[in-house]
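Notes for the one structure printed next.
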Amino acid sequence: QGETYAIPTREFSHRQMTTLPLDVIRAHVEEFVRLTQNSPGRRWLLTAIGTGYAGYKAHEIAPMFAGVVNCYIPAEWRQYL
């Protein structure tokens with residue numbers, strides 16, 4: 001709420017929740033990375049998206065965030081960036 005940015009990892013389709021493929025998630029992450037690079041006065045707090053209900057591992061998601069700026073990175077992701 002307020003100043004947030006949502007990166008989808010799951011979607012509701014055909015009356016069920018499904019996990020988005022990594023290439024779709026990557027496209028959304030790339031938009032976010034560009035936003036951080038173009039918003040030098042803002043700070044961002046990342047959560048470990050995709051590693052809960054979506055079922056991906058940190059090593060699959062975290063590298064997508066290479067290049068983010070002004071972000072607090074989850075501790076479990078730091079080894080992958």
Could you order His14, His28, His59 by accessible surface area, starting with the largest, using a probe radius of 1.4 Å?
His14, His59, His28
Dividing the mean separation of Cα pairs under 8 Å (6+ apart) by the residue count of the range 1-67 yields a relative contact order in percent of 31 percent
Sorted largest first, extent of the chain alpha carbons per principal axis (Å):
41, 29, 21
Determine the gain in length on full extension of the stretch Arg42-His14; use 0.36 nm per residue of separation and subtract their C-alpha separation, reporting nm with one decimal.
6.3 nm
Given a 1.4 angstrom probe, what's the average accessible area per residue across the chain, in square angstrom?
69 Å²
Going toward the positive end of the dipole of the range 12-80, with +1 on Lys and Arg Cβ and -1 on Asp and Glu Cβ, which of Ile49, Ile25, His14 do you reach last?
Ile49
What trypsin sites (Lys or Arg not before Pro) in the range 35-81 are in a loop by DSSP, with at most 16 other Cβ atoms within 10 Å of the Cβ?
Arg42, Arg43, Lys57
Where the convex hull is taken over the Cα atoms of the range 42-81, what is its projected area averaged over directions, in nm²?
2.7 nm²
Kindly express, to the nearest 10 degrees and within the range 0 to 90, the angle between helix 22-37's C-alpha long axis and the longest C-alpha principal axis of the chain.
20 degrees
Share of accessible surface on carbon and sulfur in the range 1-41, whole %, 1.4 Å probe and ligands ignored, is 47 percent
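The values are calculated or read from the model by the stated rules, or taken from the named source; none is laboratory data. Here the structure is a predicted model, which is why all the values come from computation and not from measurement. As a convention, Cβ positions derive from the backbone with ideal geometry for all residues, glycine included, and neighbour counts pool all protein chains shown. Accessible surface areas use protein heavy atoms only, side chains included; no ligands, DNA or RNA. Shrake-Rupley method; radii C 1.70, N 1.55, O 1.52, S 1.80 Å.
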